[in-house]
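Report on the following structure.
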Amino acid sequence: MTFHDHQELEVTVVAVAPVGSKAEVDGHAGVYGFIDQVKHPSWWEADVAQPTAGDKLHVCVLDATREPYPRFSALQDDIDIARQLRRET
């Protein structure tokens with residue numbers, strides 16, 4: 001699977017570390033991205049639970065070229081910005 005900046009995806013969290021979460025793209029076994037802790041709503045909102053393995057999330061791609069995994073965001077503001085940027089191109 002080829003990722004594109006501003007693309008939206010459905011993912012499942014498969015691993016959690018202090019710096020963020022590894023997420024597998026739904027429908028694409030073995031295809032992963034990374035959600036930095038500050039790009040998950042729990043970092044900003046006290047009433048949102050921290051991510052755990054098995055969580056389903058809607059994300060956008062912030063950096064498709066980042067290695068070893070593309071950088072995702074689960075923040076609604078980032079998703080809204082991605083939608084706006086796609087409309088402009």
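Every number in this text was worked out from the coordinates using simple rules, so none of it is lab data. Since this is a predicted model, take the numbers as computed values, not measurements. Every residue, glycine among them, receives a Cβ derived from its backbone with ideal geometry; neighbour counts consider all protein chains shown.
Here is the size of the range 41-89 from its Cα atoms: Rg then Dmax, 12.5, 36 Å.
A cut-off under 15 angstrom between Cβ atoms defines the neighbours of ARG66, and their net charge, with Lys, Arg +1 and Asp, Glu -1, is -2. When you restrict to C-alpha pairs under 8 Å that are six or more residues apart and normalise by the size of the chain, the relative contact order lands at 32 percent.
Residue by residue, the range 62-73 carries 3J(HN,Hα) couplings of 8, 9, 6, 9, 5, 10, x, 10, x, 8, 10, 9 Hz when phi is fed to the Karplus relation 6.51 cos²θ - 1.76 cosθ + 1.60 (θ = phi - 60°); x denotes Gly or Pro.
Short-range pairs are left out: with C-alpha atoms under 8 Å and at least six residues apart, the relative contact order of the range 16-62 is 28 percent.
Hey, can you rank 45-54, 15-24, 68-77 by average C-beta count inside 10 Å, highest first? Before the final figure, lay out the partial values.
Values: 45-54: 10.6, 15-24: 16.5, 68-77: 18.9.
Going from most to least packed, we get 68-77, 15-24, 45-54.
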